[in-house]
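What follows is a short report on a single structure.
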Amino acid sequence: MIVWCLTLKLYGSQSILQSQQHAVPIRFYAKEAAPTALKGDEMLKGIFLDVKKKFETAIGVLRKEKITIAPEDPAAVEQYAKVMKTVREKADLFSESQRIQFTIKQKTDGIQDARSYLLALKDIRLKRGLTDELGAEAMMMDALEKVEKEIKKPLMRNDKKGMALLTEEFNKINQKLGIRKEDLPKYEEELEKKIAKAQLEELKKDALEAMETQKKREEFNDEEMPDVKSLDIRNML
């Protein structure tokens, strides 16, 4: 997935250049954090109520918006992506790119050396089932090898001089791949559309399987199954 490469380059390379003193404030990830002041049953209750609120908010949006189950139709995919964006915004949920960024921060917090950091990024990608189509990981590792050969020691993230050299190498990779930080919103939108299409495909598959199962029942033998695109999810909520 090209977006993994872009996210890795734009988020991962930024994070690797951050010392522990300049880490992203934890409040940025408040959507995922549990209240530290609460304990036991109070914490569980708080989490349950928060999830319940988000769920009800999401259902409220889905009951109002028309969704056409037609993954082959770009207009339907775009509309579904807009609906899901509204759900995320109103229910205060992460987008896919934000989840990737949060995972990178969470899984790499405390890693001191650049090599372990890059290996952690690869592990995150593999566990999420994402592909690195542009080969960014290999390029970043080659850049690290070059820098470590020059400084004649493992590169630590608090080594300002060494990290400056790595930054230069990463900038060359960005230029080679045509990746620009200012284009990140466009990349994120493309990712959300890909996810929207995949979700519509799954909805279509489930709907067709359900109709096929129903058709096998004797009482529905003479009924013609409707076109999936004509189904209105709002009637099912």
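Quick look at the numbers
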item: Test: residue in segment 111-127 that is under 26 Å from V228 (Cα atoms), surrounded by fewer than 16 Cβ atoms within 10 Å (Cβ to Cβ) and not aromatic (F, W, Y); result: no
item: Exclusive hit being open to solvent by 60 Å² or more (accessible area, probe 1.4 Å), of a type outside the set (D, E) and at pLDDT 90 or above, set K45, K52, K82; result: K82
item: Odd one out for I69 among (1) in a helix (DSSP H, G or I); (2) over 15 Å from the mean Cα position of the chain (by Cα); result: (1)
item: Lone unmet requirement of (1) in contact with a Leu (Cβ under 7 Å, 6 or more places away or on another chain); (2) among the small types (G, A, S); (3) at pLDDT 85 or above for A75; result: (1)
item: Within segment 132-149, tally of residues that are surrounded by 12 or more Cβ atoms within 10 Å (Cβ to Cβ) and either part of a helix (DSSP H, G or I) or of a type in the set (V, I, T) (or both); result: 12
item: In segment 121-131, residue nearest to K194 (Cα to Cα) [restricted to those that are of a type in the set (D, E, K, R) and part of a helix (DSSP H, G or I)]; result: R125
item: Matching option when the condition is touching a Pro at 6+ places or on another chain (Cβ under 7 Å) and assigned to a helix (DSSP H, G or I), among K197, K205, K229; result: K197
item: From the options Y80, Y117, residue that is of a type outside the set (A, V, I, L, M), under 30 Å from N235 (Cβ atoms) and in contact with a helix residue (DSSP H, G or I) (Cβ under 9 Å, 6 or more places away or on another chain); result: Y80
item: When residues of segment 160-207 are limited to those that are more than 23 Å from E72 (Cβ to Cβ) and β-branched (V, I, T), the one surrounded by the most Cβ atoms within 10 Å (Cβ to Cβ); result: I179
item: Answer residue from segment 208-226, given it is part of a helix (DSSP H, G or I) and aliphatic (A, V, I, L, M) and is nearest to E72 (Cα to Cα) among those; result: L208
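The values are calculated or read from the model by the stated rules, or taken from the named source; none is laboratory data. Everything numeric here is computed off the predicted structure, so don't read it as measured data. Positions of Cβ are generated from backbone atoms using ideal geometry, with glycine treated the same way; all protein chains shown enter the neighbour counts. Side chains included, ligands, DNA and RNA excluded: accessible areas come from the protein's heavy atoms. Shrake-Rupley method; radii C 1.70, N 1.55, O 1.52, S 1.80 Å.
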